[in-house]
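Below is one structure, written out as C-alpha cells; the observations come after it.
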Amino acid sequence: MTHDNKITPKFTPELTPTVEELEAQERRLVFRRFTYEDAWVLGSLLVESGRERQAPIAVDIHRAGQQLFHAALPGSTPDNDAWIARKRRVVERYGASSYLVGARFRAKGTTFEESSRLDADTYAAHGGSFPITVEDVGVIGAVTVSGLPQLEDHRMVVAAVEEFLEKFQGR
C-alpha cells in the first residue's frame, strides 16, 4: 500500500473488482471517528498522491452536509466539481460507494442511468466517491475524487482511506 510514504493503490489495472469484493472493501474500511482534522489529513493524503502522479484531479470531503475539504490540482476543471457533487449524491442516497452502486446495476444487466429513475444531471454512479462510515454510527459523509477514469478515481480514494486508517486509526 505504501512505499516511501506514497499512496500506491493495490490493484492490477486490467482487473475489475466484483460486487462482492467492493462490498467487502466497504465493510473493512470503517472509521472509529471522523473529525475535521481527520478530513484535513485524509484530503491531504489524496492531494499528495495526486501531485506525485501529476493527476488532474479535484478532491472533496463532505460530512453531514458540510464540505470539510476541497482541493483542485492543475489540469482539473469546474466539470470535476460537478462530477464530485453527482457522485457524492449517490453515496448519500445509497450509503455505498458510487462505483459499487454502478457495479450493482451492471451485475443485473442494466445501468444506473437506465434503471435508477434518478436524474443523470444530479446523480452519477461512476467511481470516485466512497462512504465515510463510522463504526456504530453508519455512513456520515463521503470522500470523492474526480479527474481520472472512474476505476482509477475509486482506487485512489480506497488507497488513501486504507493508508489513513492504518496510520491514524490503527486499522
Flagged in the stretch 100-123 as in contact (Cβ under 8 Å) with a residue 60 or more places away in the chain and crowded, with 16+ Cβ neighbours inside 10 Å, in numbering order, are L100, A103, R104
Close pairs from the stretch 52-72: first within 23 Å of T133 (Cβ to Cβ), partner among the aromatic types (F, W, Y), Cβ under 8 Å, at least 6 apart: V59/F69; D60/F69; I61/F69; R63/F34; L68/Y36; L68/W40; F69/W40
Is it the case that some residue within the stretch 42-56 is assigned to a strand (DSSP E or B) and in contact with a Ser or Thr (Cβ under 8 Å, 6 or more places away or on another chain)? no
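Just to be sure before I move on: is T16 modelled with pLDDT under 95, in contact with a helix residue (DSSP H, G or I) (Cβ under 9 Å, 6 or more places away or on another chain), β-branched (V, I, T) and outside any helix (DSSP H, G or I) in the structure I sent? Give the derivation first.
Values: modelled with pLDDT under 95: yes; in contact with a helix residue (DSSP H, G or I) (Cβ under 9 Å, 6 or more places away or on another chain): yes; β-branched (V, I, T): yes; outside any helix (DSSP H, G or I): yes.
Yes, satisfied.
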Test each condition in (1) more than 16 Å from R86 (Cα to Cα); (2) buried (at least 24 other Cβ atoms within 10 Å of the Cβ); (3) touching an Asp or Glu at 6+ places or on another chain (Cβ under 9 Å) for V139 and report the one that comes out false. (2)
In this structure, is D60 part of a helix (DSSP H, G or I) and not hydroxyl-bearing (S, T, Y)? no
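For the condition at pLDDT below 95 and either out of contact with any Ser or Thr (no Cβ under 7 Å at 6 or more places or on another chain) or not in a loop (DSSP other than H, G, I, E, B) (or both), what is the one hit in G109, G170, G141?
The conditions single out G170.
The values are calculated or read from the model by the stated rules, or taken from the named source; none is laboratory data. This structure is a prediction, so every number in the text was calculated from the model and none was measured. Ideal geometry is used to build each Cβ from the backbone, glycine not excepted, and the neighbour counts take in all protein chains shown.
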